[in-house]
Amino acid sequence: MTATATKTRIMSGMRPTGRLHLGHYFGALLNWLEYQDKYDSYFSIVDWHALTTKYQDVKGIGGSIREIALDWLSVGINPEVSTIYVQSAIPEIAELHLLLSMITPQGWVEREPTLKDMVKMLAGDETEAQEKVTYGLLGYPVLMTSDILAFRAGLVPVGKDQQSHLEFARDIAKRFNHLYGAQYFPEPHPKFTDTPLLKGLDGQKMGKSYNNDIKLADSPEDVLKKVKQAITDRTRIARADPGHTDLCEVPWPMYKIFAPQLTDQVKNECESAVIGCVDCKTRLAGTVNDFLAPIREKRASFEKDPETVNKILKYGNDKARAVARETLAGVKDLMGLSRWV
Ligand code: SF4
């Protein structure tokens, strides 16, 4: 396997909370496929992050790490060029988290908007908040910063609404460099992602916890069943009523993503009531299944060969660990922790 050290390094991760869906594909993985040819790409399965909110329900985490690795490999993340690793296999990230927490002002953590959202999501009232919001969750922005800085990544993919994540990491990098008089950490820059918005089957944001997703590993039968449940044009009551693609909440936007070559035909057939929504969604499911077929095939070949997946993860973990170890050694030196030797 070859290293790509001269390219700008990019770092991103996903929590192991279950199999990935099409929203992950169009929201992140599609970009990763492009990045892996351009940048020195580090992709992390961030299992410690899963514990910040799922610490009471840990039985699925190990299996999910494997599922995510399979999903990444099946869509074409190439371990020959990208470094695929598991966060908890790199203890240097945890040590860096501890050291960076020493220089992180409390107010910076409390102001982090993502953290505020997570606290709101977890806790209904103040008493619940006291129990559910843990010290680990409060430290989540510092852990995320450590994920980035351990690899001295120059770029981090973010959506426009997630800019604050990265501002936090940049501020910590700048503070570290200022405190210890060294340009040690590069300031990570945002790599803004611009992706088509793929809605869940109910018209809301696609998410595994909303039960409105299509998984990358779903069978053709499951895809058909799910697509048939998609919300269409709510004003179209009877089969003979003309439909309105601009009011069609889920199938029409999906056609634009999965079968742009069919959109003129679909629009004509829908708006002249030549086709009913059931038939239209059945055809759409076929295009989604065509799209997923090679992904399923690749997944099946990796599922049959668990040893190769183990080797890929071990190779990625070792490579990532060597980089993080070097970063940490420099941090400890600058923070005075190696000077007693
Ligand atoms: Fe949507 Fe197709 Fe129904 Fe038109 S016919 S409303 S495009 S599902």
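If you plug each phi of the range 227-233 into the Karplus form 6.51 cos²θ - 1.76 cosθ + 1.60 with θ = phi - 60°, what whole-Hz ³J(HN,Hα) values come out, in order, with x for Gly and Pro?
4, 5, 8, 4, 6, 10, 7
Loop-only GluC sites (Glu not before Pro) in the range 18-113, please: DSSP not H, G, I, E or B, and at most 14 other Cβ atoms within 10 Å.
Qualifying residues, ordered by number: 80.
Taking the Cα centroid of the range 39-111 and of the range 287-316, what is the distance between the two, rounded to the nearest whole Å?
One Cα centre to the other: 20 Å.
Report the net charge of residues surrounding residue 332, where surrounding means a beta-carbon distance below 12 angstrom and charges are Lys +1, Arg +1, Asp -1, Glu -1.
My count for the surroundings of residue 332 gives -2.
What is the gain in length, in nm to one decimal, between residue 162 and residue 271 on full extension, counting 0.36 nm per residue of separation less the C-alpha to C-alpha distance?
Gain in length upon complete extension: 35.4 nm.
Could you list the chymotrypsin sites (Phe, Trp or Tyr not before Pro) in the range 250-341 that lie in coil according to DSSP, counting only those with at most 11 other Cβ atoms within 10 Å of their Cβ?
Within the range 250-341, the qualifying chymotrypsin sites (Phe, Trp or Tyr not before Pro) (loop, at most 11 other Cβ atoms within 10 Å) are 340.
Between residue 314 and residue 237, with labels modelled 7 Å along Cα→Cβ, what's the label distance in nm to one decimal, could you check?
A separation of 6.6 nm, rounded to one decimal place.
Suppose each label sits 7 Å from its Cα in the direction of the beta carbon; what would the residue 106-residue 121 distance come out to in nanometres?
Computed distance between label sites residue 106 and residue 121 equals 2.6 nm.
Under 9 Å from the Cβ of residue 155, count the other residues' Cβ atoms, weight Lys and Arg +1, Asp and Glu -1, and hand me the total.
+2
Top mean-square fluctuation among 217, 329, 238, Gaussian network model of the chain, C-alpha springs under 10 Å?
Residue with maximal mean-square fluctuation among 217, 329, 238: 238.
When only alpha-carbon atoms are used, what values of Rg and Dmax, in angstrom, describe the chain?
Rg then Dmax for the chain, in Å: 22.5, 83.
Between residue 221 and residue 94, what is the label-point separation in nm under the 7 Å Cα-to-beta-carbon projection?
4.3 nm
For the residues 114, 245, 145, what sequence is obtained by ranking on other C-beta atoms within 10 Å, fewest first?
114, 245, 145
Using only Cα atoms, what is the ratio of the radius of gyration of the range 218-289 to 2.2 N^0.38 Å?
Rg over 2.2 N^0.38 Å, computed on Cα atoms: 1.01.
Quote the charge dipole size of the chain about the Cα centre in Debye, to the nearest 20; the model charges only the Cβ of Lys and Arg (+1) and of Asp and Glu (-1).
Dipole about the Cα centre, nearest 20: 420 debye.
Can you find, among 58, 23, 39, the residue farthest towards the positive end of the dipole of the range 6-74? Put +1 on the C-beta of Lys and Arg, -1 on that of Asp and Glu.
Ranked along the dipole, the leading option is 58.
Would you mind counting up the charge near residue 118? Only other residues with Cβ under 11 Å from its Cβ, with Lys and Arg at +1 and Asp and Glu at -1.
So the surrounding residues net to +1.
Mean residue ellipticity at 222 nm from the helices of the chain, using -39,500 (n - 2.57) per DSSP H segment of n ≥ 4 over the full residue count, to the nearest 500 deg cm²/dmol?
-16500 deg cm²/dmol
FYI, it's all coordinate maths here, none of it is from the lab. All values derive from a computational prediction rather than experimental measurement. Glycine also receives a Cβ, built like all others from the backbone with ideal geometry; neighbour counts cover every protein chain displayed.
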